[in-house]
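To keep things clear, I will list the structure first and then write my remarks on it.
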Amino acid sequence: MKNRWKTVWLTGVVLTLAWLLGGCSAPSSADDLFTLPQLPIEYTDLSRQISDLIDAGYEYASPTSGRNIQSVQMVDLDSDGDEEAVVFFRRSSDEKPLKIFIYAAHSDTYELLCTIESSGTAVDSVYYRDLTGDDRQELVVGWRISPDVQTVAVYTVGQDPETLMQSSYVRYSIEELDGDGIPSLLVFRADDEGDSVAEFYSRRDNVMAVSYTASLSSTMAELARGSVVSGRLRGGTPAVFVTGVTDENTAVTDILTCPGGQGLINIALDPQTGSSAAASPYMQTRPQDINGDGVTELPSPRTQDGEVTGIVDWLAYNKNGRPNRIMSTYHNPAGGWYFVLPVEWDGLSVAVESTDSNTNGLQSVLVVDGREVAIIYTLTGENRENRAMRGNRQVIKRQTGTTYAGEVLEFGPSFGLTEAVLHQNFKLIASQWANG
């Protein structure tokens, strides 16, 4: 019975793959609605080979983080128009239990092209990028060797795969920083002396080697709590924003650039302290293009009496490391939203008073120069739609299980706040991927 259900499940997965890869075309007649899609023979063969591996004691071991987390991934690795199948397995009895099987399409079948193996407990992440400039994508794989040890390796794909590099890491990122048009690998780790470094790997001869190194302000433990974000400076220079979070809940961001292949430079470094000058209280926000202008801004939360107020100034840096405030927001992580403060409020005293309005919601009162100008409601539970339209409230946004409503109060227009501005400046906090 177990094998029967396994076969049914595998067939369903492959049928779905075939449907998606075939372009999801609509049935040509009513009779076609009652006809199962014909499975291309190559996918039937791939399903059989995967089933044979499971019968031999293998189990799926899909990557645990990153963008590519499926057990079976279809990727055109050699740019020939045909997708290879990359399958992630584990067999605990083997000396190297973690396996990546790569199958290449040949005529009407899939054939095993190569196998990549590693010791350890899990595949942490995998990315497919052309790091050598030959129009063939390499595999960048993060292996979790133990709870405290991770290694990242880059592999060529072929009958005899090569390991181009391998290193311990806490985080890694794939970037195009030096202007040569070929992505490179940035590895963040502690060196032999225990100092935090960023290592810039690029292709040399038949291996990938460290071309540049830069010191980091954060420890690896602090970086593990933070983030690595790819972005751009004012003027368009590519940069990587490496943020660590200290035990005191301070976010410290190093900003790495590689102008014209002249080395890896930390433009946020303060020469007096040897650490980044881009430090501020941590409020679960991270560097991002907050206003959609193509430049990455750093969050700098405001404080009062040592406590964050929820108001965040967003700073854009130029290539010389000089920041410029672009805008300010009020961030409400508990409610899942933020509000862009109108420019008319610059220089004014702004505060937000948030309270539970009832058991199924939260209300936040915007106060400018001591005057209440608006209320934003985060409503959950039953009857939230009716509650969102009580009195002068209007629905601003809807999400599954949550309705957001707003109300402009008497003094709102005096400070340039209208219902249109309230709608326009209200935004939902979007979850974001970290690199690596």
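The values are calculated or read from the model by the stated rules, or taken from the named source; none is laboratory data. Note that the structure is a prediction, hence the values are computed from the model and not measured. Positions of Cβ are generated from backbone atoms using ideal geometry, with glycine treated the same way; all protein chains shown enter the neighbour counts. These area figures cover heavy atoms from the full protein model, side chains too; ligands, DNA and RNA do not enter into them. Shrake-Rupley method; radii C 1.70, N 1.55, O 1.52, S 1.80 Å.
Miscellaneous remarks
- Count of residues meeting criterion [small (Gly, Ala, Ser), more than 25 Å from the chain's Cα centre (by Cα) and not in a strand (DSSP E or B)] in region 315-374: 3
- Test: residue 383 is polar (S, T, N, Q), free of Cβ contacts under 8 Å to residues at least 24 places away in the same chain and farther than 19 Å from residue 423 by Cβ: yes
- Residue within region 207-220 that is touching a residue at least 60 places away in the same chain (Cβ under 8 Å), surrounded by 19 or more Cβ atoms within 10 Å (Cβ to Cβ) and aromatic (Phe, Trp, Tyr) present: no
- In the condition set (1) loosely packed, with under 13 Cβ neighbours inside 10 Å; (2) more than 22 Å from residue 310 (Cα to Cα), residue 370 is compliant with all but (2).
- Among the residues of region 99-142, the ones that are in contact with a helix residue (DSSP H, G or I) (Cβ under 9 Å, 6 or more places away or on another chain) and of a type in the set (Gly, Ala, Ser) come to 2 in all.
- Residue count for region 98-119, restricted to those that are open to solvent by 20 Å² or more (accessible area, probe 1.4 Å) and either in a loop (DSSP other than H, G, I, E, B) or basic (Lys, Arg) (or both): 3
- Just one of the listed residues (378, 403) is touching a residue at least 40 places away in the same chain (Cβ under 8 Å), within 17 Å of residue 334 (Cβ to Cβ) and in contact with a Leu (Cβ under 6 Å, 6 or more places away or on another chain), namely 378.
- Residue count for region 344-366, restricted to those that are in contact (Cβ under 8 Å) with a residue 12 or more places away in the chain and open to solvent by 20 Å² or more (accessible area, probe 1.4 Å): 14.
- Just one of (1) in contact (Cβ under 8 Å) with a residue 60 or more places away in the chain; (2) within 26 Å of residue 402 (Cα to Cα); (3) in contact with a strand residue (DSSP E or B) (Cβ under 7 Å, 6 or more places away or on another chain); (4) open to solvent by 20 Å² or more (accessible area, probe 1.4 Å) fails for residue 331. It is (4).
- Flag for residue 405 being part of a strand (DSSP E or B) and either modelled with pLDDT under 95 or open to solvent by less than 70 Å² (accessible area, probe 1.4 Å) (or both): yes
- Residue match in region 304-316 (condition: open to solvent by less than 20 Å² (accessible area, probe 1.4 Å) and more than 22 Å from residue 242 (Cβ to Cβ)): yes
- Residue selected from region 61-75 under the condition open to solvent by 60 Å² or more (accessible area, probe 1.4 Å) and either of a type outside the set (S, T, N, Q) or over 11 Å from residue 123 (Cβ atoms) (or both), by the criterion farthest from the chain's Cα centre (by Cα): 70
- Scanning region 120-163 for residues that are among the aromatic types (Phe, Trp, Tyr), touching a residue at least 40 places away in the same chain (Cβ under 8 Å) and either more than 17 Å from residue 80 (Cβ to Cβ) or not in a strand (DSSP E or B) (or both) yields 127, 143.
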